[in-house]
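Every read-out reported here was derived from the displayed coordinates using simple, explicitly stated rules and does not represent laboratory data. Source: prediction; values computed, not measured. Reconstructed Cβ throughout: ideal geometry from the backbone, glycine too, with neighbour counts over all protein chains shown.
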Amino acid sequence: MAARSGVTARLDTALTRHAGTAVPLICGAMYPCSNPELVAAVSEAGGLGIVQPISLTYVHGHEFRAGLQLIRRLTDKPIGMNALIEASSRAYRKRMERWVDVAVEEGVRFFVTSLGNPRWVADRAHAVGGVVYHDVTERKWALKGLDGGVDGLIAVNRRAGGHAGPKDARVLYDELADLGVPLVCAGGVGAEAQFTEALGRGYAGAQLGTRFIATPECRASHAYKDAILRSRADDIVLTERLTGVPVAVIRSPYVERVGLRAGPIARRLLRGRRTKHYMRTFYALRSVWQLKRSLLDEEHEYWQAGQSVETIHAVEPAGEIVRRFAEAAWRAD
Ligand SMILES: Cc1cc2nc3c(=O)[nH]c(=O)nc-3n(C[C@H](O)[C@H](O)[C@H](O)COP(=O)(O)O)c2cc1C
C-alpha cells in the first residue's frame with residue numbers, strides 16, 4: 001500500500017519531500033484543539049501533525065519543551081509547528097521567537113506561519129535545513145509570504161475552519177499556481193473524495209482541521225464532537241465577534257443570540273490606525289480564553305469548525321483517517 005512504499009505519484013509530492021512524510025496530509029494547527037496525542041497520532045500514521053504552541057501550553061498545560069518531548073516519546077516521525085507571527089505585542093513576539101528556537105532545538109524542521117512577515121521564521125528554519133509554509137487566502141498575501149522567503153503556501157479557502165478565506169479551492173489554486181512553490185489545500189477536506197480531488201487538481205497536499213477534532217485522540221468534549229457529526233455545511237457561520245475578523249463556527253443558540261458582527265464601536269477601533277493593534281490584542285486574549293472554555297466544557301460559547309463537517313460522520317482514530325486517505329489517493333492514481 002502506498003503509505004508503506006511512499007512511491008506512487010499522488011503520494012510522493014513536493015510536500016512529502018519537504019516534510020519527510022509518507023502521506024501529503026497535514027493535521028493543521030488548531031487552537032484550542034491541538035493536543036500532543038493528536039499531533040503524534042497523525043505523524044505516527046505518516047501524515048504531519050502541527051503543534052499549536054498556545055494550545056499546547058495554555059490549554060493542555062504542558063511547558064513548551066516538555067510538550068514537544070512528550071510528542072517525541074509518542075512518535076519519532078516528523079512534526080511541524082505553527083507560528084502566528086502577527087506583531088500585535090512585543091511580549092508575544094518574543095515568546096513566539098523563543099518557542100521557534102526551542103522547536104528547532106527539539107528537531108522540528110517544518111513550520112507553518114500565519115499573518116505578518118514570515119522572514120524571521122524562514123531564516124531560522126533555513127539555517128537548520130528546515131522549511132516554512134505560509135497560510136494565505138489570496139495572491140497578495142502569497143506574494144508577501146514569498147518575499148519573506150517561504151518555501152510553500154497553504155491555500156486557505158472559503159470552506160475552511162478557523163479563519164476561512166474568501167475564495168473557492170479551485171479559484172485559489174488557479175490564482176497561485178504560477179508562483180512556483182508547492183500549494184497545500186486547506187478547507188473542505190473531510191473525506192477521501194475531496195483529498196483525491198485536491199491532489200488531482202495539482203495541490204501538493206491537504207491540510208485538515210475539523211476532521212481531526214472528531215477523533216478519540218482530540219481532547220475536545222463529546223458535545224463538540226457530536227456537533228461536528230450532526231452539522232451540515234450550512235450550519236457553519238462566520239462570526240466576527242470572536243477575534244474581530246471572520247471565524248467559522250457551528251451555529252448554536254449562543255451564536256444566534258449574540259449575532260455574527262462586531263459592534264459598531266469595535267469595528268471602528270479595529271480599523272483605526274492607532275487603535276487596531278490594541279483592539280486585536282484585546283480580541284486575541286479574550287478569544288483565547290473563550291475558546292479554551294468552549295473546548296472541554298459541555299456548556300460552550302464557540303465551537304470552531306469548517307464546512308467539511310458535511311462529510312464527517314463518525315469519531316475515528318486519527319491514524320485510521322490518515323491511512324484511509326492514503327489508500328484512496330493510491331487507488332486514484
Ligand atoms: C478549531 C480550529 C482551530 C484552528 N486554529 C488554528 C490556529 O491556531 N492556527 C492556524 O494557523 N490555523 C488554525 N486553524 C485552521 C486549520 O489549521 C486548517 O487550516 C483548517 O481547519 C482547514 O479547514 P477544515 O477545518 O475544513 O479542514 C484552525 C481550525 C479549526 C477548525
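What to note about this one:
- For segment 130-200: rounded, prolate or oblate by the Cα gyration tensor [a/c cutoff 1.5]: prolate
- Only Lys, Arg, Asp and Glu carry charge here, each on its Cβ (+1 for the first two, -1 for the last two); on that basis segment 101-157 has a dipole of about 240 debye about its Cα centre.
- Full-extension gain in nm, R271 to A223, via 0.36 nm per residue minus C-alpha separation: 13.7 nm
- Computed over the chain, the P(r) tail beyond 34 angstrom holds 16 percent of alpha carbon pairs.
- Footprinting exposure proxy ranking of F111, F212, fewest other C-beta atoms within 10 angstrom first, gives F111, F212.
- Contour minus Cα-Cα distance for A233 and D147 (0.36 nm per residue): 27.4 nm
- Rounded to the nearest 500, the helix-only mean residue ellipticity at 222 nm of the chain stands at -12500 deg cm²/dmol, with each DSSP H run of n ≥ 4 adding -39,500 (n - 2.57).
- This ranking places I213, I236 by how few other beta-carbon atoms lie within 10 Å of each, fewest first, which gives I236, I213.
- With both labels modelled 7 Å from their Cα along Cα-to-Cβ, the V245 to E175 distance reads 1.3 nm.
- Using R0 = 25 Å, the C-beta based FRET efficiency linking L285 and E316 works out to 0.15.
- Positive contributions from Lys and Arg (+1) and negative ones from Asp and Glu (-1), summed over other residues with Cβ under 14 Å from the Cβ of A127, come out at -2.
- Gyration tensor (alpha-carbon) shape descriptor, segment 6-150, a/c threshold 1.5: oblate
- Counting every other Cβ atom within 10 Å of each residue's Cβ, H60, H313 order from fewest to most as H313, H60.
- Computed extension gain for A127 through D76, at 0.36 nm per residue and net of the alpha carbon distance, reaches 16.2 nm.
- Along the chain, counting only trypsin sites (Lys or Arg not before Pro) with a DSSP assignment other than H, G, I, E or B and at most 12 other Cβ atoms inside a 10 Å radius, the longest segment between sites is 1-231.
- Shape of segment 77-213, Cα gyration tensor, a/c cut at 1.5: prolate
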